[in-house]
Amino acid sequence: MKDTGVGIAEEEQEKIFDRFYRVDCDRNRQTGGSGLGLAIAWAIAQKHQGQITVQSQPSKGSLFTIHLPILPT
Ligand SMILES: Nc1ncnc2c1ncn2[C@@H]1O[C@H](COP(=O)(O)OP(=O)(O)O)[C@@H](O)[C@H]1O
Ligand SMILES: [Mg+2]
């Protein structure tokens, strides 16, 4: 998933997958949100033995990629 939003600083990129974590500026701006969205997405990906990665630059935007393995049935 790609957007052209505010972006995420390098040092925040690993933290945003933590439960209830919200980047400071977002918390202050009262945009709503619980900080659970990415934690839930990460947990779902883990359950499927996959992972989620983020590539982002502040003010440029963000790219979230979900990797899921093809498992034998
Ligand atoms: N696409 C994005 N662009 C910029 N910041 C993001 C993006 N997605 C998440 N974040 C940052 O990561 C924090 C956690 O996101 P998320 O787990 O989705 O929480 P919520 O459920 O509140 O949306 C957000 O508060 C925001 O600061
Ligand atoms: Mg969210």
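The values are calculated or read from the model by the stated rules, or taken from the named source; none is laboratory data. This one's a predicted model, so the numbers in the text were calculated from it and none came from an experiment. For neighbour counting, all protein chains shown are included, and Cβ atoms are generated from backbone atoms with ideal geometry for every residue, glycine included.
Summary of values
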{"item": "Residues satisfying the stated conditions in the stretch 30-57, i.e. over 30 Å from PRO72 (Cα atoms) and more than 9 Å from ligand 1 (Cβ to nearest atom)", "result": "GLN30, GLN57"}
{"item": "Some residue of the stretch 33-46 being surrounded by 12 or more Cβ atoms within 10 Å (Cβ to Cβ), in contact with a Ser or Thr (Cβ under 7 Å, 6 or more places away or on another chain), free of Cβ contacts under 8 Å to residues at least 60 places away in the same chain and assigned to a loop (DSSP other than H, G, I, E, B)", "result": "no"}
{"item": "Residue in the stretch 45-53 that is out of contact with any Asp or Glu (no Cβ under 8 Å at 6 or more places or on another chain), charged (D, E, K, R) and at pLDDT below 95 present", "result": "no"}
{"item": "Pairs where the first residue, in the stretch 1-15, is away from ligand 2 (no atom under 12 Å from the Cβ) and the second is in a helix (DSSP H, G or I) and modelled with pLDDT under 95, C-beta under 9 Å, 6+ apart", "result": "VAL6/CYS25; VAL6/ASP26; GLU12/ASP24"}
{"item": "All positions within the stretch 44-73 that are among the small types (Gly, Ala, Ser), within 16 Å of ligand 2 (Cβ to nearest atom) and touching a Gly at 6+ places or on another chain (Cβ under 7 Å)", "result": "SER56, GLY61, SER62"}
